[in-house]
Every structure is written in C-alpha cells, then in structure tokens.
Amino acid sequence: MAMDTMQLVFLCLAIAVIAFLYSSVGHAGASGYIATMTLFGISATEIRPTALMLNILVATIGAFQFWRAGHFSWKLFWPFALLSVPAAYLGGFLQPSASVLRILIGLVLLFSAVRLIFRRGDPDQTVAPSKPTAVGVGAGLGFLSGLTGTGGGIFLTPLLLFCQWAHIRQAAAVSAAFILVNSIGGLAGYFAAVHSIPTLGIMLAVPAIIGGTIGSYFGSRRFPAHRIAIFLAIVLTIAGAKLILTR
C-alpha cells in the first residue's frame, strides 16, 4: 500500500501510542499494532511480519525491565518456551490465504479485547503447571503466535492467571520473554518462506522503541492500566470485526 507523508506520520504516532499503552500494562503490543495497521488499510500479508518486528523491539525492552526488577522466573519460563520457538517458526513459515489470515487475526483481536476487559486480579496462591502441560501449551501458543503475527503473550498471560500458575508481575515477566522468543521464531519462519522483510517495519521501529521505553517506565510505577485496557479493547474490537466481516 502506498502511503503519503501525512498518513505515515499519523501511523508512526499511532504506533508510538500503542507501544506506550501496551508496554505500560506488560505487553509488547502485537495485537495493537495489528489493529492500528488494519485501520490504516495496510494489507494483511504485510501486517504480520511488521507486527512481529515491532514486537521484538518492545518485548526486548519489557523483558529486560521485568528481569532487572526481579520478577522473571526461569523455572516457569523454560517449559513454555521449549517447543514454542520451533512452533512459532513453523507458524511464521506457513502462508495461509488472505481470507483465512483475516479471520485468524480478527479472532486474535477479539480474544485480546475480551482479555483486556475481563482482567483477573492477582491469585492468592499459585501452583506451577506440570512440565508436560507447560510444554504442550507453549507449543500451541507458539504456533498460533507465528501464524497470526503475535508473540503469544496475549494468550499466555491470562492463562497463567486463570490457572493460578503465576502472580501478575511474574506472569508479565514470563510473558514478555515468551513474546520475545516467539516473535523471533515467527519472523525467522516468515523470512525463510518469503525472503524479504517489509520496509514498513523498519520505518515504524523508532516510534515503537520510544513508546515502549516510556510506557515501560510509567507502567513500572503503577500507571493506572484499567482505563487503558478498556480503550484498547474498543480499538481491538472494531479492527477485529472489520477483518472478519470484510469480504
């Protein structure tokens, strides 16, 4: 899609805002980038690799900050990540039809919206999942993350909380690292299949880094996230419905 200068400026501003909002609540922002690029009319085939590129940048910032704050658990992380990376590579390598891809991404956005609206509180007690369960879940989420252009954290975080496998900050830390490794795997798979990286991702890298850095800073200082989550849910719902209903 050809964009004029003004459209590109507005897109960069939107990406910076999404990176800021998502990083402030512990995510890299893939579903938000997908929603934003969809609303700007960018093709579904270009959206996926671009979202993965931006995810890698913002997830790197978030993973480092959570690790430095002491919330990261390697024991909880590695079983989920063990098969998720090759599964994300496979998902990124596959090139489904445009109609299938629109529906898949649309469902991801709607799921993300529901997740943001119905956030759960911090569980009183946690019980670590069995290793086979974590490995299997990680593989499934990794494949889905590569196929749809998300890092999988939008699914892993609520699962960790709903199943009481982790506290909120620990879930955010594990999800940030999970998003990072799966986004790398998904982008590598995409590159192996297509042998090109969209230049749009390079242009949007700077606003994503700026927004992600500032958002992580404020988010770590108890930035009020509930209103942000509601706003993001509205955007995701509109974009998800637009994708699914478009023929």
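The values are calculated or read from the model by the stated rules, or taken from the named source; none is laboratory data. In this text, all values refer to a predicted model and were calculated from it rather than measured experimentally. No Cβ is skipped: glycine too gets one built from the backbone with ideal geometry, and neighbour counts run over all protein chains shown. SASA here: full protein model, heavy atoms, side chains in, ligands and nucleic acids out. Shrake-Rupley method; radii C 1.70, N 1.55, O 1.52, S 1.80 Å.
Observations
- Taking only protein heavy atoms and a 1.4 Å probe, the accessible area of the chain is 71% carbon and sulfur.
- Distance in nm between pseudo-label sites at GLN95 and TRP74 (7 Å out along the Cβ direction from Cα): 4.0
- Correct option for volume of the Cα convex hull per residue in Å³ [calculated from the coordinates] among [x] 108; [y] 164; [z] 129: [x]
- Once both labels are positioned 7 Å from their Cα atoms along Cα-to-Cβ, the gap between LYS242 and GLU46 label points is 1.5 nm.
- Positive-end residue of ILE234, VAL108, LEU76, charge dipole of the chain with Cβ unit charges: LEU76
- Within a Gaussian network of the chain (alpha carbon springs, distance under 10 Å), most fluctuating of SER24, SER196, SER84: SER196
- Extension gain for ALA192 to LEU13 (0.36 nm times residue separation, less C-alpha to C-alpha distance): 61.4 nm.
- Farthest toward positive dipole pole in the chain [+1 Lys/Arg, -1 Asp/Glu at C-beta], among ILE184, CYS163, GLY29: CYS163
- Kyte-Doolittle mean at least 0.0, axial Cα span of 15 Å or more - DSSP H helices of the chain: 5-24, 44-68, 98-117, 131-148, 168-194, 199-219, 226-245
- Once the 1.4 Å probe is applied to the protein heavy atoms, the stretch 10-162 comes out at 40 Å² accessible per residue.
- C-alpha center-to-center spacing [the stretch 65-113, the stretch 40-61] in angstrom: 13
- Counting charges near GLY201 (Lys, Arg +1; Asp, Glu -1) among other residues having Cβ under 11 Å from its Cβ returns a value of 0.
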